[in-house]
Amino acid sequence: MPGGIAGRTLEESFAASGPERPAVFETKYREHVAYGARTSETKYVRHLYPANREVFFDLRRDPGERRSHDPEASSRARALKQAVEASVGPSAFHHRLRVDGDADYELRLRTTGWIEAVDRTGLAKKERADVVDGGHVLALSLRPEPGRPRRVEFLTRPHGVPLWIDGARGGRRLRLAEIRVAAEGLRARALPFLVPEVKLWRARSLPPGRPRRGSRSGSSLPTPAAATRRSTGRPARA
């Protein structure tokens, strides 16, 4: 949460007296993901998907928010950006990547948000799982062995932010046939592969007339490799 709020009573936080603190917000509606912060005089918004852009408004001169200014050119915009980026929470679901087979993999998992809390348990000394590019990319160098798949688990922030998977297997680019989605094992349609959202994937994959249940779902790359967004879901098998 923004500085100056933690440890204060709700009455004091919502009181009209005292110094103004920015109000932060994040939103996820269908495929639209954004977060922002505002005061009585300024407003900053970062759109993460489907567009990836920033807007900043001077509410004193432009209360109708008709003209956006460059956020990097304003110290007030940078302050709001810093406050909200420290406040947005992680996704409600973990991502789990499973890589099978006996080939070398160089994978890049990219998001417009941030990748955090990477669990590298079980990786060999020469294998790597590095968060780079300001937290937006998870770069993986993995060398699984027959019967010994590699697994990497992590979180993205904020909730609902998109995640794309691309990379190479054995020195050549991944193929669509090497990617699976959820426990149903359905194939990806394009590269980079956009990991589907849990609710959207369940809606697409359920047979007609079958009710939606729970939040188990995911996306995967097959016995060459697998990736899953899940709460309790499991990667598909070829």
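The values are calculated or read from the model by the stated rules, or taken from the named source; none is laboratory data. Since we're looking at a predicted model, the values are computed, not measured. Please note: Cβ atoms are built from the backbone with ideal geometry, for glycine as well, and neighbour counts cover all protein chains shown.
Residue under question is A92, and the condition is that it be surrounded by fewer than 16 Cβ atoms within 10 Å (Cβ to Cβ), in a loop (DSSP other than H, G, I, E, B), hydrophobic (A, V, I, L, M, F, W, C) and in contact (Cβ under 8 Å) with a residue 24 or more places away in the chain; does it hold? In short, yes. Restricted to strands (runs of 3 or more DSSP E) entirely inside region 109-186, those with at least 3 residues that are surrounded by 15 or more Cβ atoms within 10 Å (Cβ to Cβ), of a type outside the set (S, T, N, Q) and in contact (Cβ under 8 Å) with a residue 12 or more places away in the chain are 114-119, 137-142, 150-157, 163-169. From the list R61, R30, R66, R98, the lone residue that is more than 30 Å from V152 (Cα to Cα), among the charged types (D, E, K, R) and either touching a strand residue (DSSP E or B) at 6+ places or on another chain (Cβ under 9 Å) or at pLDDT below 90 (or both) is R66.
Being in the same structural domain as L140 (by TED's automatic domain parsing) and touching a residue at least 40 places away in the same chain (Cβ under 8 Å): is that true of T39 here? It is false that T39 is in the same structural domain as L140 (by TED's automatic domain parsing) and touching a residue at least 40 places away in the same chain (Cβ under 8 Å).
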